[in-house]
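Q: Can you read through this structure? Questions will come right after.
The values are calculated or read from the model by the stated rules, or taken from the named source; none is laboratory data. Here the structure is a predicted model, which means the values were calculated and not measured. Don't worry about glycine lacking a Cβ; one is built from the backbone with ideal geometry, like all the others, and counts go over all protein chains shown.
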Amino acid sequence: MPQNRFYPNEEFKEIEINASLQLRYAISNRGRLISFSDEIENGRILKGGLSDGYPTFRFKIKKDDKIVNKYLFLYKLVAQYFIPKQSEDQTYVLHLDYNRSNDDVRNLRWATKAEMMAHSRKSPRVIQAKKNLIEHNLKADGRKLTTTKVMLIKKILARPEQKTRLKMIAKQFGVSEMQIRRIASGENWGHVKV
């Protein structure tokens, strides 16, 4: 066996790609990708790329005399070649441990959209994002605008040569045009003086 280090119980299956590539490729139940020309055993382990933390297999194909970049997610290949679907509704693949780069067959399973949504709600990443949002909202006192931002808006509105449209100011601060009108009239945030 060449420089390959196949794991015990690691099984490779050739990937069917509807494009003429110079080499052949196979995915393993451990989520590893190899290229080979004759025998899988003589294959070479490939690094592959990453897309949003997910390992990918990138390749180029010729389409209408143009070179087009293609990529496949390794976890989807592992699921496709090693995990039988329980139903046709299962179109998503879950990483059970939430680690996007752990494409071992034991860490993956097919899921319906509802199962995928429920799974992602329990993701440590999603939970942390919610915590961050709650902290941000508490600091902003539950409002999109903070006193500092309102002072800035009032300074912009107070400029004698003020030509910026209210719509633009609203967009800049992520609030409605009506909110800017109410700040200008003193109806909202009247207690903040500049």
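Q: Taking the conditions exactly as written (in the same structural domain as Val105 (by TED's automatic domain parsing) and modelled with pLDDT under 90), does Asp38 satisfy them or not?
A: no
Q: Among the candidates Gln179, Gln128, Gln172, single out the residue that is among the polar types (S, T, N, Q) and in contact (Cβ under 8 Å) with a residue 12 or more places away in the chain. First the steps, then the outcome.
A: Values: Gln128 fails: in contact (Cβ under 8 Å) with a residue 12 or more places away in the chain; Gln172 fails: in contact (Cβ under 8 Å) with a residue 12 or more places away in the chain.
Gln179 is the lone residue from the list that is among the polar types (S, T, N, Q) and in contact (Cβ under 8 Å) with a residue 12 or more places away in the chain.
Q: Condition test on Ser87, is it surrounded by fewer than 16 Cβ atoms within 10 Å (Cβ to Cβ) and over 26 Å from Gly48 (Cβ atoms)? Give the steps one after another, and end with the answer.
A: Numbers: surrounded by fewer than 16 Cβ atoms within 10 Å (Cβ to Cβ): yes; over 26 Å from Gly48 (Cβ atoms): yes.
The answer is yes for Ser87.
Q: While we're here: Please work out which one of (1) part of a helix (DSSP H, G or I); (2) surrounded by 10 or more Cβ atoms within 10 Å (Cβ to Cβ); (3) under 26 Å from the mean Cα position of the chain (by Cα) is the condition Trp110 fails and give its number.
A: Result: Trp110 passes all but (1).
Q: So, one more: Gln90 passes all but one of (1) more than 30 Å from Phe12 (Cβ to Cβ); (2) in contact with a helix residue (DSSP H, G or I) (Cβ under 9 Å, 6 or more places away or on another chain); which number fails?
A: Just one mismatch for Gln90, condition (1).
Q: Considering Asp104, Asp97, which residue is surrounded by 14 or more Cβ atoms within 10 Å (Cβ to Cβ), assigned by TED's automatic domain parsing to the domain that holds Phe57 and of a type in the set (D, E, K, R)?
A: Only one candidate qualifies: Asp104.
Q: Restricting to segment 15-33, name every residue that is under 26 Å from Lys62 (Cβ atoms) and in contact with a helix residue (DSSP H, G or I) (Cβ under 7 Å, 6 or more places away or on another chain).
A: Listed by number, the residues that qualify are Ile15, Ala26, Ile27, Leu33.
Q: So, in segment 61-84, how many residues would count as being within 20 Å of Ser20 (Cα to Cα) and either surrounded by 13 or more Cβ atoms within 10 Å (Cβ to Cβ) or not assigned by TED's automatic domain parsing to the domain that holds Gln22 (or both)?
A: Filtering segment 61-84 down to residues within 20 Å of Ser20 (Cα to Cα) leaves 61-74, 77.
Remaining after also requiring either surrounded by 13 or more Cβ atoms within 10 Å (Cβ to Cβ) or not assigned by TED's automatic domain parsing to the domain that holds Gln22 (or both): 61, 70-74, 77.
Within segment 61-84, residues that are within 20 Å of Ser20 (Cα to Cα) and either surrounded by 13 or more Cβ atoms within 10 Å (Cβ to Cβ) or not assigned by TED's automatic domain parsing to the domain that holds Gln22 (or both) number 7.
Q: In addition: With surrounded by 15 or more Cβ atoms within 10 Å (Cβ to Cβ) and of a type in the set (A, V, I, L, M) as the only criterion, which of Ala19, Ala26 stands out?
A: Step by step, each of Ala19, Ala26 is checked, and only Ala26 is surrounded by 15 or more Cβ atoms within 10 Å (Cβ to Cβ) and of a type in the set (A, V, I, L, M).
Q: In segment 36-57, what count of residues is obtained for those that are surrounded by fewer than 19 Cβ atoms within 10 Å (Cβ to Cβ) and more than 27 Å from the chain's Cα centre (by Cα)?
A: So the answer is 8.
Q: Return the residues of segment 132-160 that are modelled with pLDDT under 80, charged (D, E, K, R), assigned to a loop (DSSP other than H, G, I, E, B) and surrounded by fewer than 12 Cβ atoms within 10 Å (Cβ to Cβ); say none if nothing qualifies.
A: Asp141
Q: Then there's this: Could you go through segment 157-164 and let me know if any residue there is in the same structural domain as Glu16 (by TED's automatic domain parsing), among the charged types (D, E, K, R) and over 27 Å from Tyr7 (Cβ atoms).
A: Applying the first criterion (in the same structural domain as Glu16 (by TED's automatic domain parsing)) to segment 157-164 yields none.
Within segment 157-164 (the criterion being in the same structural domain as Glu16 (by TED's automatic domain parsing), among the charged types (D, E, K, R) and over 27 Å from Tyr7 (Cβ atoms)), the answer is no, since none of the residues qualifies.
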